[in-house]
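Structure record follows, encoded as structure tokens.
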Amino acid sequence: MDILTQTEENYLKAVFKITENDEKVASTNAIAALMNTSPASVTDMLKRLAGKGFLNYEKHRGVNLSEHGNVLATNLVRKHRLWEVFLVKMLDFSWDKVHDIAEQLEHVQSDELVERLDLFLDRPQFDPHGDPIPDADGKMTMRKQILLSTLAPNNEAVLVGVQESAATFLQYLDKMRLSLGTQLKIIERFEYDGSVKIMLTGGEEITISHKVCENLFVQKTK
């Protein structure tokens, strides 16, 4: 049985998160941004995890998970995302509050508990933030999705996921009445700053920044 610190496990999850959307490697800077730490600290940890056989590390080229590291990271992500579903669906937590709690619950070592949790929740495919949940074999349901920032005017879409899961960002989306399943239409894109005017179901129009658009995944409907 592999014994890793929670910090080491979080680094494996960070590499998984960065590379799950077709990125072949995770850069030191990308990991540092996700982990909210310095590139120097990231480099030290990557070398340590590579030495233990969990990462494939090559200086100045980024890292990816080894086969062994991928198994561990996938299992951690599976547990984390299932617990998030449980917290939202069964305990009525809002989506901006579940990440930190799931961070604690994901470290529980019980395969039977995870399997029962998955079955109890009727084998969900996506978590409350729209991220795919690996099944017991590590397979995930992937869907065609694009960033809202790439959607052209007059196109319609449904919001299916968020790239940024910070509580402040999710709280902002709540105030703007944007949540998973929200139907929207691009009305106008402003060349000056990349902000976008969108129309929500019911005809309400709001304007959101380019930064927000780059953190929202949508599926085009029209």
### Query
Does A166 satisfy the condition of being at pLDDT below 95 and assigned by TED's automatic domain parsing to the domain that holds G203?
yes
### Query
In this structure, does L55 turn out to be more than 14 Å from the chain's Cα centre (by Cα) and touching a residue at least 40 places away in the same chain (Cβ under 8 Å)?
yes
### Message
N10 - would you say it is outside the structural domain of N215 (by TED's automatic domain parsing), part of a helix (DSSP H, G or I) and in contact (Cβ under 8 Å) with a residue 24 or more places away in the chain?
### Response
yes
### Query
Can you name every residue in segment 77-95 that is touching a Phe, Trp or Tyr at 6+ places or on another chain (Cβ under 9 Å) and crowded, with 19+ Cβ neighbours inside 10 Å?
V77, R81, E84, V85, F86, L87
### Query
Only one of W83, W95 is in a helix (DSSP H, G or I) and at pLDDT 95 or above; which?
W83
### Task
Could you list all residues from segment 58-73 that are part of a helix (DSSP H, G or I) and surrounded by fewer than 22 Cβ atoms within 10 Å (Cβ to Cβ)?
E67, H68, N70, V71, L72
### Query
Just one of A157, A102, A152 is assigned to a strand (DSSP E or B) and of a type in the set (A, V, I, L, M); which is it?
A157
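The rows are residues; the columns are (1) surrounded by fewer than 21 Cβ atoms within 10 Å (Cβ to Cβ); (2) more than 17 Å from D135 (Cα to Cα); (3) among the polar types (S, T, N, Q); (4) out of contact with any helix residue (DSSP H, G or I) (no Cβ under 9 Å at 6 or more places or on another chain).
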residue	(1), (2), (3), (4)
T7	yes, yes, yes, no
I18	yes, yes, no, no
N56	yes, yes, yes, no
N75	yes, no, yes, no
### Summary
K47 passes all but one of the listed conditions (1) touching a strand residue (DSSP E or B) at 6+ places or on another chain (Cβ under 9 Å); (2) of a type in the set (D, E, K, R); (3) in a loop (DSSP other than H, G, I, E, B); the exception is number (3)
### Task
Working only within segment 134-170, note down all residues that are surrounded by fewer than 14 Cβ atoms within 10 Å (Cβ to Cβ) and more than 30 Å from E67 (Cα to Cα).
T150, A152, P153, N154, T168
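The values are calculated or read from the model by the stated rules, or taken from the named source; none is laboratory data. Values in this document were obtained by computation on a predicted structure and should not be read as measured data. Quick reminder, even Gly has a Cβ in these numbers, built from the backbone with ideal geometry, and neighbours come from all protein chains shown.
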